[in-house]
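The values are calculated or read from the model by the stated rules, or taken from the named source; none is laboratory data. Source: prediction; values computed, not measured. Neighbour counts are summed over all protein chains in view; Cβ atoms, including those assigned to glycine, are modelled from backbone coordinates with ideal geometry. Please note that ligands, DNA and RNA were not included when accessible areas were found on the heavy atoms of the full protein model with its side chains. Shrake-Rupley method; radii C 1.70, N 1.55, O 1.52, S 1.80 Å.
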Amino acid sequence: MTLPPLKGRFLSSCVSPLASASYSCHPSIKGHYRPLPPPDVKPFLPLFKQMMPLLEDFLLSRYFTSVEDRGYRILVSPTADHFPSLRRLTLACVTLPWSSTTLSRLTRLRLRLSLVQGAPVRQSQFLDVLQSCSELEDLELSDNFISSALDRYTPTSATGGGQIVELPKLRKLKVEDTPPVIRWFLGATRIHEHCSIEARGCLPRETGPESMQGIFSSMDPTIGNAPGELRVPTPRHGRIEANLSMLELALYSTEGSLVLQVVQEGGFPDGDADFYLDAMLREFADLFGSTFEIECCEIRGDLEDVRFDTYLYLLSRLPALEELAFIGNGPCTPFLRALKHTPVPVRNRALNDYMDGEDNDPEPTPPPCPKLTSLHLCTEESYEEGAIELLLTVLHRRAFHNSPKMVRTGLYYACDETYKRYQYDVDLFRREVSSHTAHFYWTYWNGHDYGERYFNPKTSIFH
């Protein structure tokens, strides 16, 4: 609710019965655009005297705030003496003491655009307070909260003096900060294997492409000699996305819940996000391909700058892949070429043997992703002549090597003047393609919706 400029006693009589009944209070303080002064929130504070002993859930938020606008805050100090029943605390744009007295009883703590009273605090002190929060189930520290709390003690690498925080009940974690801070924090925190983790690395807007090399690896505490142990359940689904506002790598468990998300924000100049997608595919393969058996993968972005050998590298690291989707801009034929191709290490060994005269008739080797049964390619580009024949070659090779028959195969191009040629090729090869896949969807895409509904999103995870 939005509080009007009324007297505290009147507010108390209005709000206290509601808060007492629900054991929660969610006052929302609506701010003003500059240069108007901030609102006066003091009138509503006396109402807490009556309902503080009963409150289990307290949310204090303020609109029209940003990372750059932290000027106006109120001091919040929910100690056990005044809030003995408080278990869930959500605050935005406040200053609060970072102490066990304030936080140790909580099961949920979410902080945005907030600061620590008396900052900076040392890394050990910051972790000691978290260690006292053994009941925490939901933790969010956004908008560079950790950096602002540590200030001159902010880590520049994954060093934490070997101190490890145990949070055995944590099930949801969101942390938004610089990549070194994220790596340090996750490395210094031992989390239950069923915890969902969202890590968002924030870089300055002027960060150039040369600084992006290995950026996701720099946030992962399992790379190198980080002191902590990041435990996540075995993920089966992966997601890779690049657009103008963020770069994202994500893993999902078999139940579909988010396991690990690495997001890069900062407002990329037009075209830069497209440039990063090629590197992101390789980094995804390096980070997760050899560690987890990824069964399903979704890739979103501009595929124009993705190289053929990058597709080869990614597919060779995903031997358990069963479902794959590409959604965005750019050509599909480089990917189809990679999908029909012999994996690079196998091909190189066969070529070396052949050149050395050891094998004059090398054995044919299977294409990558031998378990693939669902393929969904959707691009806003015009139809690429020869794409249907290339797809048919992929299916023929897979059948030759006794790979499982495709269950779903979808191919979508832009609705433009090339559609008639696209339809002609489909009609020409439809019977052959359909003999290798149970369901073949071959319609056009107008940028917002499918031209014909041969593809049912409810039958696939990709929608």
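Given the conditions (1) closer than 13 Å to Tyr383 by Cβ; (2) surrounded by 12 or more Cβ atoms within 10 Å (Cβ to Cβ); (3) at pLDDT 55 or above; (4) of a type outside the set (Ser, Thr, Tyr), which single one is not true for His436?
Exception for His436: condition (1).
Are any residues in the stretch 291-305 modelled with pLDDT of 90 or more and open to solvent by less than 50 Å² (accessible area, probe 1.4 Å), and if so, which ones?
The answer is Ile294, Cys296, Cys297, Glu298, Ile299.
Any idea how many residues of the stretch 312-321 are under 21 Å from the mean Cα position of the chain (by Cα) and surrounded by fewer than 23 Cβ atoms within 10 Å (Cβ to Cβ)?
Count: 1.
Can you name the number of the only condition in (1) over 20 Å from Ala80 (Cβ atoms); (2) touching a His at 6+ places or on another chain (Cβ under 9 Å) that Thr90 fails?
Against the list (1) over 20 Å from Ala80 (Cβ atoms); (2) touching a His at 6+ places or on another chain (Cβ under 9 Å), Thr90 comes up short only on (1).
For the stretch 110-130, enumerate the residues that are under 29 Å from the mean Cα position of the chain (by Cα), farther than 17 Å from Leu75 by Cβ and not hydroxyl-bearing (Ser, Thr, Tyr). Before you say what the answer is, go through the steps one by one.
We begin by selecting, within the stretch 110-130, every residue under 29 Å from the mean Cα position of the chain (by Cα); these are 110-116, 123-124, 126-130.
From what's left, farther than 17 Å from Leu75 by Cβ: 110, 123-124, 126-130.
Of everything in the stretch 110-130, those that are under 29 Å from the mean Cα position of the chain (by Cα), farther than 17 Å from Leu75 by Cβ and not hydroxyl-bearing (Ser, Thr, Tyr) turn out to be Arg110, Gln123, Phe126, Leu127, Asp128, Val129, Leu130.
List the pairs whose first member sits in the stretch 171-197 and is closer than 15 Å to Leu251 by Cα, whose second member is open to solvent by 10 Å² or more (accessible area, probe 1.4 Å) and among the hydrophobic types (A, V, I, L, M, F, W, C), and whose Cβ atoms are under 7 Å apart, counting only residues at least 6 apart or on separate chains?
Glu193/Val232; Ser196/Leu258; Ile197/Val232; Ile197/Leu260
Can you tell me which of Ser374, Ser403 is farther than 23 Å from Arg239 by Cα and modelled with pLDDT of 80 or more?
Ser403
Restricting the search to the stretch 320-333, which residues are closer than 21 Å to Ser403 by Cβ and outside any loop (DSSP other than H, G, I, E, B)?
If the condition is that a residue be closer than 21 Å to Ser403 by Cβ and outside any loop (DSSP other than H, G, I, E, B), then Glu323, Leu324, Ala325, Phe326, Thr333 are the ones that fit.
Return the residues of the stretch 244-286 that are under 22 Å from Pro180 (Cα atoms), assigned to a loop (DSSP other than H, G, I, E, B) and modelled with pLDDT of 60 or more; say none if nothing qualifies.
Across the stretch 244-286, the qualifying residues are Ser245, Gly267, Phe268.
Given the condition in a loop (DSSP other than H, G, I, E, B), at pLDDT 85 or above and touching a His at 6+ places or on another chain (Cβ under 8 Å), answer yes or no: does some residue in the stretch 312-319 qualify?
No: the stretch 312-319 contains no residue that is in a loop (DSSP other than H, G, I, E, B), at pLDDT 85 or above and touching a His at 6+ places or on another chain (Cβ under 8 Å).
Could you tell me which of the residues Thr102, Thr154 is within 22 Å of Gly201 (Cβ to Cβ), of a type in the set (Ser, Thr, Tyr) and in contact with a helix residue (DSSP H, G or I) (Cβ under 9 Å, 6 or more places away or on another chain)? Spell out how you get there, then give the answer.
Numbers: Thr102 fails: within 22 Å of Gly201 (Cβ to Cβ).
Sole residue among the options that is within 22 Å of Gly201 (Cβ to Cβ), of a type in the set (Ser, Thr, Tyr) and in contact with a helix residue (DSSP H, G or I) (Cβ under 9 Å, 6 or more places away or on another chain): Thr154.
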